[in-house]
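Accompanying notes for the structure given below.
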Amino acid sequence: MKLYFAPNSRAVRIAWLLEELGLDYEVEKYSVGDRALRTPEYYKIHPMGRIPVLEDGQVRIYESGAIVQYLLARYGDGKFSPDVEDPMFPEYLQWLHYAEGSIMGQVNILVVETILLPPEKRNDVNVNRAKKLLGVALGNVDSRLVDRDYLTGTFSGADIMTGHACFGAMRAGADISEMTNLDSYVNRLLKRPALEKARSL
């Protein structure tokens, strides 16, 4: 199994899950924005020149949420995902996809507007709106965690996806100073040995 990886990217989610599952994998490492991702050779691996990509035998798959679902379905053996008949299964799917559906779009705007664009091209309207929407999205996660340590009660793929999005949001400048449940949650996740390993790659 091979993971095309860059630090501080969505690929960390995949390395984290691979470590949680105890699966053997090799890493081909890049950096975010690496010019090697814009070559004809890499476009054959990912047509948009992005990270992550997972190769598993004849399977090649990208989109981090799809990779998480694939790995859990194929190798999870019941770990980190409730059974389809479990009453929690619909909520699990909701929180699995919440990362990209509700959080990362706003994080992407903040990264572009505050880091990638030169100052003269930045738009404060976009930044302020993204911060507002991100605050609502993160506040929803904070409320979810009032009476539980993890999004579906026990640690799952939903925490890998949405938990990673939460600390990505914090890195992008989201203010969670009043979201004590979320702050505790992120710190809880960051102490997991599998995530520590993934972040050190």
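Read-outs: derived from the displayed coordinates by stated rules, not from any lab. These numbers were taken from a predicted model, which means no experiment stands behind them. Every residue, glycine among them, receives a Cβ derived from its backbone with ideal geometry; neighbour counts consider all protein chains shown.
Points worth noting:
- Prolate/oblate/rounded call for the chain, Cα gyration tensor, a/c under 1.5 rounded: oblate
- Toward the positive end of the charge dipole of segment 18-163, with +1 on the Cβ of Lys and Arg and -1 on the Cβ of Asp and Glu, the farthest Cα among Tyr30, Leu93, Leu116 is that of Leu116.
- Residue ranges 40-46, 194-200 sort as 194-200, 40-46 when ordered by packing (mean number of other C-beta atoms within 10 Å per residue, highest first).
- Nonlocal amide H pairs with Val53, under 5 Å, H built at 1.01 Å: Tyr4
- Based on the convex hull around the alpha carbon atoms, segment 2-79 presents an average projected area of 4.9 nm².
- Dipole of segment 106-201 [Lys/Arg +1, Asp/Glu -1 at C-beta], most positive-end residue of Ser177, Ser156, Leu133: Ser156
- Taking a ≥ b ≥ c as the square roots of the Cα gyration tensor eigenvalues, segment 92-164 comes out prolate, since a/c reaches at least 1.5 and a/b is larger than b/c.
- Segment 2-79 - charge dipole about Cα centre, Lys and Arg +1 at Cβ, Asp and Glu -1, debye rounded to 20: 340
- Counting charges near Arg122 (Lys, Arg +1; Asp, Glu -1) among other residues having Cβ under 14 Å from its Cβ returns a value of 0.
- Amide N of segment 13-47 lying under 13 Å from the label point, which is placed 7 angstrom from the Cα of Arg171 along Cα→Cβ: 13-16, 31-33
- The chain, dipole about Cα centre (Lys/Arg Cβ +1, Asp/Glu Cβ -1), debye to the nearest 20: 720
- DSSP-loop trypsin sites (Lys or Arg not before Pro) across segment 112-161, with at most 13 other Cβ within 10 angstrom: Arg148
- Residue-averaged [θ]222 nm for the chain, counting only DSSP H segments that reach four residues, each worth -39500 (n - 2.57): -13500 deg cm²/dmol
- Using the Cβ-Cβ distance between Glu63 and Asn123 with R0 set to 22 Å, the FRET efficiency works out to roughly 0.20.
- Prolate/oblate/rounded label for segment 156-197 (Cα gyration tensor, a/c 1.5): prolate
- The chain: DSSP helices with Cα axial extent of at least 18 Å and average Kyte-Doolittle hydropathy no lower than -1.0: 124-144
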